[in-house]
Each structure stands twice: as C-alpha cells, then as structure tokens.
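The next block holds one structure in the form of structure tokens; read it before the comments.
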Amino acid sequence: MPRKQIHLAAHFPGVNNTTVWSDPEAGSHIEFDSFVHFARTAERARFDFLFLAEGLRLREQNGVIYDLDVVGRPDTFTVLAALAAVTDRLGLAGTINSTFNEPYEVARQFASLDHLSAGRAAWNVVTSWDEFTGENFRRGGFLPQDKRYLRAKEFLAATWELFDSWRGDEIVADKETGEFWRPGGDFAIRSDQFDIHGRFPVPRSPQGRPVILQAGDSEEGREFAASGADAIFTRHGTLEAGQAFYADVKGRLAKYGRSPDDLKIMPAATFVLGDTEAEAQEKARHVRHQQVSPATAIKFLEQLWNRDLSDHDPDGPLPTVDPVVGENTISRGRASVRMYRDPIRTANEWRELAEAKHLSTREVIIEVTGRQNFIGTPGRVAELLDEFVQADASDGFVLVPHITPGGLDEFADTVVPLLQERGVFRTEYEGTTLREHLGLKPAPTTATTDLGTAVAE
C-alpha cells in the first residue's frame, strides 16, 4: 500500500503572543520584504500554501490595548496579491470575515486573486462573535449566535453563486467575427441575510472557486467542514486525539456525497529543531519562556480570573481567590472569553496541575497555553510528522514558526529533504493550482453543495 503524502502549509506569524518579536533574529511584521522572504522559503520547500490570519481590531484588556500581541498586520488581500507576483506555485490563503463583509465584494476579491495568481487562492472563512470587533464597522454591534451562523452559511452560499454565475466559456474573443462574449455572470440571491442581484464582473477564475479553509473544533465547525470545506485546521496535540478528530470529521463526509479525500485535516503545529534531542528541548524551553514573559503570564491569568491581577507575582503560586464569573469580562475580543465557559472549574484544574508538578503561575501558563510541538533533531521531527499522517491523525500540518521572517528556513533546509527521502513529500510541484497541490477535485460549476450549519471562528 502506498504511503500517504504529507501536506504542508506555512502560517505567517503574527496577531498573537506566540510570535517572539523581541528575539534578536526577529524582523518586521509589516514590511513587504518579510512576507517575500517567508513566502519564497515556503515555495522552495514545495509547501502547499502560505496562510495569513487576520485581526479586525487591536485587542485590549481591562480597557487598555493588549500590547504584548503583535500588531500592524496590513490588509490580507493586498499582501496576497503582492505575493502572487513574486511566487509561482505557492498557494495563497487568507482569513476573511463573513460577519462584517459582503458576499459581492469578497467574491470579487477572491476571484481577482485567483486570476492574478493563476489559480492559487484560498479563503479561510470565519465569523466574528463579539461587539468589540463590530465597533470598527458601519453595521456595528454583533450578531447573536444563531444569526451569525445563519449569515455565515448564507454568505458562503452567496459567494458560490457569484463564482458559479460564470460557466467559463463566455469569453469568445473572436477577432474575425467580432464576437467578444456570450451573456453570463447574471445572479439573483435572496435569503434571510441577503437580497442582491446583478451581474458578476469577474469571469470564472482558474480554480472556479477558491479553496475553502475552516478553523474550529466545535460541533458546528466539524459539520461545516464536512459539508463544504476543502481543509480544516485543528489544535489536537496528541496522536490519539488527532486520530479521534480525524475519524469523526471524515466519517461525516458521506452524508454530503463526499469522499475522505475531499477534505484535508491539517492541525496547526509548532516546531523546534536542534542538533541533538537535548539541545532541541533546551531551545524549546527557551522559546516558551520568550513567548510567555512574566507580563504575558499575568495577562493570561487575568483572562481566566476576570479581575485585575497586575500586582500578582508571576513566579509565585496561582491566586487563592476564585475567578469572577459574569457576562462582563476584562479581556474583550479574545477567544479565551469563550474558551473558559466554566472559569472556576478551569481554575481548579490549573491548581491541581500546579500542585502535582510544583509549578509557579508563569510555569502553569506556559504549560496550558502550549500548542502541539514537534521538538527534536530534524530526523526525529520528520519521523514524527510522518507517523501522524500515516496513522490517520492528520493529512498534514500548518506550521507556525515563532520567528518572522526566517523561522521557516531551518525546517525547509533540514526536515523537508528528509521527508522527501522517505517518499512522503513532493520534490517538485506537479500541478499549478492550489487544488492540484492538495489533491482536490475541480470545483463544481454550479452551487449545489449543502453548506451545513455554521462557520466557526
């Protein structure tokens, strides 16, 4: 039986505290040269795609801008369009919000990007759940959960209607007869959220539709991924957890008339490399302490305890008082508001962890905020990546370096050649479009896919 091929993507670091901006090797998160360096590294390593996250508002905590996060990310479409000119095969994926945008403008932007890149565009579909973000938009406010999910579902359906309003054979351009085009591009979309009609101005792009990405492990997110996404990001940190998620999501595909190969499961993963296992472990420990400084530890602590803990000693024990439970939180606009649905139970779990391992506050934060890590020599990391994929715990990984823009270089130079030697990763691109890189079927020409229930942030 042939070995499964590994899919790899590269997440441009930023919009989070895990990016170590204070490291001597760290560069700019907004200068174009940083994006070029990162993209070209991913492309020479034959990665499937580069991925940009998006922050629609600077985060704040207790009314003050959360300055420990990286800020200054330029507009996603602008960056991806510019990168299309300096890369040839690398997929270009961006997070675009469905809550505060409109289907027509997003469809036009992605269709344009797909043309400019010759078929390499991908859209990570997310929603926005909080009023904090909405203050930056003319609609303002926020949508309740049922309306947010309804809008996301209808938003994606509307964009597909726009993409598919062109069949692909309308442009004739016959210079002898003078016939330029046959009518096409008409659309009419009426739903609970939208009432739009007209003619879509961008002809069918090379992929027909961009590759659809989705992030989220909720029940709604899993169902959406099974119904219409091409790839899903996850956060599962162990082989067993990955296998359970993989089996669950892949098992949902059949009811939508899809096969297991129609959806790629790609967990976000970090990595630290060393010449020896011991060196890699020491480097990893150093990186985690860079990512969670004493000040950052207190910020994370406040997000769960929901109170001002600026006087708390990060090198001392966890607070003895319990978290403040209520609708009003000091960490507006952060996913932790939703993560900690039972703050007191979570606090007690942290206390049990601290007692069992004799950890300080900062050490607890370092442990509970860590993502899946691949730590070791290049050979060991290549072995672990391969093990996860062959064991059906994932189809590949979205790698998240902690340094910009050179954090991917060592992986590209040392781990990728070992994966190629194993015969589980390409040595050259075989296709030109992102769909081909991911082994996906061509996009259908009509918007008939059942979009499921929701899009999760």
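Are any of the residues in the range 12-24 on the phi > 0 side of the Ramachandran plot, open to solvent by less than 10 Å² (accessible area, probe 1.4 Å) and not assigned by TED's automatic domain parsing to the domain that holds Ser331?
So far as the range 12-24 goes, yes, one or more of its residues are on the phi > 0 side of the Ramachandran plot, open to solvent by less than 10 Å² (accessible area, probe 1.4 Å) and not assigned by TED's automatic domain parsing to the domain that holds Ser331.
Of the conditions (1) open to solvent by 70 Å² or more (accessible area, probe 1.4 Å); (2) at pLDDT below 95, Ile366 fails just one. Which one is it?
That leaves (1) as the condition not met.
Say we look at the range 371-418 and pick out the residues that are open to solvent by 40 Å² or more (accessible area, probe 1.4 Å), of a type outside the set (Asp, Glu) and outside any strand (DSSP E or B); which of these is nearest to Glu428 (Cα to Cα)?
So the residue we want is Pro417.
Identify the residue in the range 269-301 that is of a type in the set (Gly, Ala, Ser) and open to solvent by 20 Å² or more (accessible area, probe 1.4 Å) and, among all such residues, is nearest to Phe411 (Cα to Cα).
My answer is Ala278.
Residues of the range 251-268 being open to solvent by 20 Å² or more (accessible area, probe 1.4 Å), in contact with a helix residue (DSSP H, G or I) (Cβ under 8 Å, 6 or more places away or on another chain) and either in contact (Cβ under 8 Å) with a residue 40 or more places away in the chain or aliphatic (A, V, I, L, M) (or both), which ones?
Of everything in the range 251-268, just one residue is open to solvent by 20 Å² or more (accessible area, probe 1.4 Å), in contact with a helix residue (DSSP H, G or I) (Cβ under 8 Å, 6 or more places away or on another chain) and either in contact (Cβ under 8 Å) with a residue 40 or more places away in the chain or aliphatic (A, V, I, L, M) (or both), namely Tyr256.
Scan the range 35-52 for residues that are open to solvent by 10 Å² or more (accessible area, probe 1.4 Å) and part of a loop (DSSP other than H, G, I, E, B) and jot them down.
Answer for the range 35-52, where residues must be open to solvent by 10 Å² or more (accessible area, probe 1.4 Å) and part of a loop (DSSP other than H, G, I, E, B): just Arg46.
Mind checking whether some residue in the range 159-166 is in contact with a Leu (Cβ under 7 Å, 6 or more places away or on another chain) and surrounded by 23 or more Cβ atoms within 10 Å (Cβ to Cβ)?
Within the range 159-166, not a single residue is in contact with a Leu (Cβ under 7 Å, 6 or more places away or on another chain) and surrounded by 23 or more Cβ atoms within 10 Å (Cβ to Cβ).
Assigned by TED's automatic domain parsing to the domain that holds Ala157 and under 16 Å from the mean Cα position of the chain (by Cα): does that describe Leu92?
Answer is yes for this residue.
Do we have any residue at all in the range 82-102 that's within 30 Å of Asn306 (Cβ to Cβ), of a type in the set (A, V, I, L, M, F, W, C) and either crowded, with 21+ Cβ neighbours inside 10 Å or at pLDDT below 95 (or both)? Give the derivation first.
Applying the first criterion (within 30 Å of Asn306 (Cβ to Cβ)) to the range 82-102 yields 95, 97-100.
From what's left, of a type in the set (A, V, I, L, M, F, W, C): 100.
Imposing the further condition that a residue be either crowded, with 21+ Cβ neighbours inside 10 Å or at pLDDT below 95 (or both) reduces the set to 100.
Yes, the range 82-102 has at least one match.
May I ask you to verify whether Phe32 is open to solvent by less than 10 Å² (accessible area, probe 1.4 Å) and at pLDDT 90 or above?
When the stated conditions are applied, Phe32 does not pass them.
Does the range 181-193 include one or more residues that are assigned by TED's automatic domain parsing to the domain that holds Tyr246, assigned to a helix (DSSP H, G or I), under 30 Å from Phe49 (Cα atoms) and open to solvent by less than 20 Å² (accessible area, probe 1.4 Å)?
Scanning the range 181-193 turns up no residue that is assigned by TED's automatic domain parsing to the domain that holds Tyr246, assigned to a helix (DSSP H, G or I), under 30 Å from Phe49 (Cα atoms) and open to solvent by less than 20 Å² (accessible area, probe 1.4 Å).
Quick test of your reading of the structure: Arg235 fulfils all but one of (1) in contact with a Pro (Cβ under 8 Å, 6 or more places away or on another chain); (2) at pLDDT below 85; (3) open to solvent by less than 70 Å² (accessible area, probe 1.4 Å); (4) within 26 Å of Leu263 (Cβ to Cβ). Name the failing condition by number.
With respect to (1) in contact with a Pro (Cβ under 8 Å, 6 or more places away or on another chain); (2) at pLDDT below 85; (3) open to solvent by less than 70 Å² (accessible area, probe 1.4 Å); (4) within 26 Å of Leu263 (Cβ to Cβ), Arg235 is out only on (3).
Has the range 448-455 got at least one residue that is open to solvent by 40 Å² or more (accessible area, probe 1.4 Å), at pLDDT below 95 and under 19 Å from Met266 (Cβ atoms)?
No, the range 448-455 contains no residue that is open to solvent by 40 Å² or more (accessible area, probe 1.4 Å), at pLDDT below 95 and under 19 Å from Met266 (Cβ atoms).
Within the range 103-130, which residues are open to solvent by less than 10 Å² (accessible area, probe 1.4 Å) and part of a helix (DSSP H, G or I)?
Result: Pro103, Val106, Ala107, Phe110, Ala111, Leu113, Asp114.
The values are calculated or read from the model by the stated rules, or taken from the named source; none is laboratory data. Not measured: the values here are computed from a predicted model. All Cβ positions, even for glycine, are placed from backbone atoms using ideal geometry, and neighbour counts span all protein chains on display. Ligands, DNA and RNA are excluded from the accessible area calculation, which covers all protein heavy atoms including side chains. Shrake-Rupley method; radii C 1.70, N 1.55, O 1.52, S 1.80 Å.
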